[in-house]
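The values are calculated or read from the model by the stated rules, or taken from the named source; none is laboratory data. Keep in mind it's a predicted model, so treat the numbers as computed, not measured. Glycine also receives a Cβ, built like all others from the backbone with ideal geometry; neighbour counts cover every protein chain displayed.
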Amino acid sequence: MFSVLREFTRFYKDTRIFTGLLGDVDPRRLRLEGLDISVVGRTRIWTRTMKRGYLSRGLSLPPLVGFRHIIRYRPRVCFSSAFTLWTLMAVLMKSTMNWRVIVLYDGSSPIADAANSLWRIKLRRAIVRHSDAFVTNSLRGGDYLTTSLGAPSARVQVHPYQVPDRELLSAKSSKVDVSFSLVRPTFLYVGRLATEKGIEVLLGACSILQAEGYSKWSLLLVGDGPLMPRVESYVHKNDLRGILVTTGWVEYGKLASYYERSDVFVFPSLSDVWGVAVLEAMLYGLPVICSTAAGVAEVVEHGVTGSAVEPNPQTIAHEMRRFLDDPALGPSMGRRAQGAVGHLTPANAAAGLAQAVRFVDRLR
């Protein structure tokens, strides 16, 4: 997102970014030229597991003290992420500060939509009534904003703003020391090793392929998370050290090396508002097996650039099997996948945000 904002400053040079630290990520270390970033505290996130077991709902609390800096800056237009406390404060202060509010909504998912939380829905509808415009990555997100929350369709712009940046992805590729070997074809997953990301679904697909006698392939898991012990135990119990390879957490600037060493990308998420890793993989010429529970699935043309399927072990295994049985399928789909995301660049995303600013300026 920061690379998109860097491009956005080409349209509006006086852009300033206010953010709270999230985990160990410090955006000031990105050293992106042209960005004026103010870190104004730490963002806290609380999660709880829903009754269905595998889904978690989070509550994000950005640093309240940071809003004082925004008021002092007196922006003409505020972009705010989703329906956080900062967004609520932005719409409450809108008349007093004479600014416009544009809500960035990543996309729709069963948990993010909070359909079974009456108080959240009422609060979001109130925020929507007082916001000036909305930008969302996905058609599904746009439908949620208009149908569920009552946003006027004329004020909702579907224009992906979470897009890959090849320059950042490869910034530190020369420093990658890959000490493991991979059997081709290599399937790749990049992201958190967590239940909601479908990691257990992916392991189940591996079990199916193993039982069917498929042995000449690799699965590379790039990332870390609460299911890492489960993955390591699975590898040990099923004697898959030559097939299933884990890397742990990998710095963003080194990811290009892993995309380049792989053949097919697998994204088995059980609930995901978007999924930029899918676009990154396509950018590097990988066909994708994408869960229909991810917003980014609408970018995948089934049977052309990959497949969009229900996230269960049987369907994921079926799609993986297609690439194992037909070695020519991956390269041909990968070339089409790369062409399909050629327009999803930081510059194009920034142009979409600039278009939203011009829209709200006309409302004055």
Of all residues making up the range 26-85, the number that are small (Gly, Ala, Ser), more than 22 Å from SER269 (Cβ to Cβ) and at pLDDT 70 or above: 4
Leading residue by the ranking (farthest from the chain's Cα centre (by Cα)) among those in the range 301-315 that are in a loop (DSSP other than H, G, I, E, B) and either among the small types (Gly, Ala, Ser) or under 19 Å from LEU209 (Cα atoms) (or both): GLY303
So GLY275, is it buried (at least 23 other Cβ atoms within 10 Å of the Cβ), on the phi > 0 side of the Ramachandran plot and either among the charged types (D, E, K, R) or in contact (Cβ under 8 Å) with a residue 12 or more places away in the chain (or both): yes
Count - residues of the range 152-171 that are more than 22 Å from ALA281 (Cα to Cα) and surrounded by fewer than 17 Cβ atoms within 10 Å (Cβ to Cβ): 3
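Applying the selection to the range 155-175, what residues are among the hydroxyl-bearing types (Ser, Thr, Tyr) and in a loop (DSSP other than H, G, I, E, B)? Quick ask: steps written out before the conclusion?
Filtering the range 155-175 down to residues among the hydroxyl-bearing types (Ser, Thr, Tyr) leaves 161, 170, 173-174.
Passing the criteria: TYR161, SER170.
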Residues being under 15 Å from ALA308 (Cα atoms) and part of a helix (DSSP H, G or I) - total across the range 277-289: 5
Tabulated pairs, the range 329-345, first over 11 Å from VAL304 (Cα atoms), second modelled with pLDDT of 95 or more and of a type in the set (A, V, I, L, M), C-beta under 6 angstrom, 6+ apart or interchain: VAL341/LEU279; VAL341/MET282; VAL341/LEU283; LEU344/VAL163; LEU344/LEU279
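Considering LEU244, LEU203, LEU227, which residue is in contact with an Asp or Glu (Cβ under 9 Å, 6 or more places away or on another chain), assigned by TED's automatic domain parsing to the domain that holds ASP326 and either buried (at least 18 other Cβ atoms within 10 Å of the Cβ) or of a type in the set (S, T, N, Q) (or both)?
LEU227
How about the range 176-270: which strands (runs of 3 or more DSSP E) wholly inside it have at least 2 residues that are at pLDDT 90 or above and not hydrophobic (A, V, I, L, M, F, W, C)?
Strands (runs of 3 or more DSSP E) meeting the threshold: 186-190, 244-248.
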